[in-house]
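The values are calculated or read from the model by the stated rules, or taken from the named source; none is laboratory data. Since we're looking at a predicted model, the values are computed, not measured. A quick note on method: Cβ atoms are made from the backbone with ideal geometry, for glycine too, and the neighbour counts reach across all protein chains shown.
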Ligand code: CP
Ligand code: NVA
């Protein structure tokens, strides 16, 4: 594994390896056992979109690993004034040991990896959010012990979160059901991948159907970063695509609920369901730290 660009690139073994290391790093952190695997190494973190969790967990994680994180806002970099990503990649490769990037187009992340000579980590694009899904899988395994026989249900926008969850959950052996309105389906590349899993994958426009017998219920905002101008149209299109009591009544009684955050209460999830599952949701947020530290150790250690 040279980069973390998208879940489609990872083998099942690589995913499990990352999760195992993440569990170990979490244990060590909780027990005060130092783990300076990246002593003397630097990670550049390019942000073209806002972030709370990704920025703080990468920055703190790098510090805990003995390395040095650099926050690079695209407003301050020459990339924000049009310097090509190919040149930025070759320059940064001469200073840093790794780059994390959050941006719009997946191609920009792939180009950074192609033209640079250091590991690149995707911190979210319009296409996918692999760091989040590794944390989600870590949380699912923590609560459910094993992935075998589990069903994940996603309700909402077939966007970056759905795209990565479908791939990640199928790769570790879970069944997946996704409910999206017409016009907001997952990416065709992901649909093509999912087709190979036969009836372990289901796409429907009926949230209650998708939630039937689910062990994990996941949703995401109706309007993602960069889609603020579509918010009104999306509110209409996603009406009814909400994780609420009716959806949870279809799922198993002990089903968990995850949300990558930030959440919009009473849009994609009700306040009641959110608060009933707050422990899982905030464990998931914490696990961003441990999963990303594992990714950095694998790529830069
Ligand atoms: N879930 C997630 O990526 O959060 P941030 O946008 O705050 O980084
Ligand atoms: N789909 C959301 C995820 C945020 C972590 C977005 O792209 O804004």
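Given the criterion touching a helix residue (DSSP H, G or I) at 6+ places or on another chain (Cβ under 8 Å), crowded, with 17+ Cβ neighbours inside 10 Å and either under 19 Å from residue 127 (Cα atoms) or free of Cβ contacts under 8 Å to residues at least 24 places away in the same chain (or both), identify the matching residue among 159, 163.
Result: 163 is the single residue among 159, 163 that is touching a helix residue (DSSP H, G or I) at 6+ places or on another chain (Cβ under 8 Å), crowded, with 17+ Cβ neighbours inside 10 Å and either under 19 Å from residue 127 (Cα atoms) or free of Cβ contacts under 8 Å to residues at least 24 places away in the same chain (or both).
Among the residues of the range 1-37, which ones are within 23 Å of the chain's Cα centre (by Cα) and part of a loop (DSSP other than H, G, I, E, B)?
Within the range 1-37, 1, 2, 3, 5, 6, 10, 11 qualify.
Taking the range 107-125 on its own, how many of its residues are part of a helix (DSSP H, G or I) and either within 16 Å of residue 164 (Cβ to Cβ) or under 13 Å from the mean Cα position of the chain (by Cα) (or both)?
Looking only at that region, the number is 2.
Name the helices (runs of 4 or more DSSP H) wholly inside the range 178-267 in which the number of residues that are free of Cβ contacts under 8 Å to residues at least 40 places away in the same chain and loosely packed, with under 15 Cβ neighbours inside 10 Å is 3 or more.
188-195, 231-237, 245-250
Hey, can you tell me all the residues within the range 47-89 that are closer than 13 Å to residue 292 by Cα and either part of a helix (DSSP H, G or I) or more than 23 Å from the chain's Cα centre (by Cα) (or both)?
Listed by number, the residues that qualify are 53, 54, 55, 56, 57, 58, 59, 60, 61, 62, 63, 64.
Output the residue which, of all residues in the range 151-169 that are assigned to a helix (DSSP H, G or I) and more than 15 Å from ligand 1 (Cβ to nearest atom), is nearest to residue 242 (Cα to Cα).
166
Would you check if residue 148 is assigned to a loop (DSSP other than H, G, I, E, B), surrounded by fewer than 24 Cβ atoms within 10 Å (Cβ to Cβ) and on the phi < 0 side of the Ramachandran plot?
Yes: the conditions hold for residue 148.
Answer yes or no: is there a residue in the range 14-33 that is within 23 Å of residue 105 (Cα to Cα) and surrounded by 14 or more Cβ atoms within 10 Å (Cβ to Cβ).
Looking for residues that are within 23 Å of residue 105 (Cα to Cα) and surrounded by 14 or more Cβ atoms within 10 Å (Cβ to Cβ), one finds none in the range 14-33, hence no.
Looking at 211, 237, 231, can you tell me which residue is under 22 Å from residue 256 (Cα atoms) and modelled with pLDDT of 95 or more?
Going through 211, 237, 231 in turn, the sole match is 211.
Return the residues of the range 256-279 that are under 13 Å from residue 137 (Cβ atoms) and either in contact with a strand residue (DSSP E or B) (Cβ under 6 Å, 6 or more places away or on another chain) or at pLDDT below 95 (or both); say none if nothing qualifies.
Within the range 256-279, 256, 258 qualify.
Please enumerate the residues belonging to the range 47-101 that are away from ligand 1 (no atom under 16 Å from the Cβ), surrounded by fewer than 22 Cβ atoms within 10 Å (Cβ to Cβ) and within 24 Å of residue 261 (Cβ to Cβ).
Matches in the range 47-101: 63, 64, 75.
Please specify each residue of the range 126-178 satisfying the condition of being more than 15 Å from the chain's Cα centre (by Cα) and within 16 Å of ligand 2 (Cβ to nearest atom).
155, 156, 178
Which condition number in (1) at pLDDT 95 or above; (2) over 13 Å from residue 4 (Cα atoms); (3) part of a helix (DSSP H, G or I) is the one that residue 104 fails?
So the condition that residue 104 fails would be (3).
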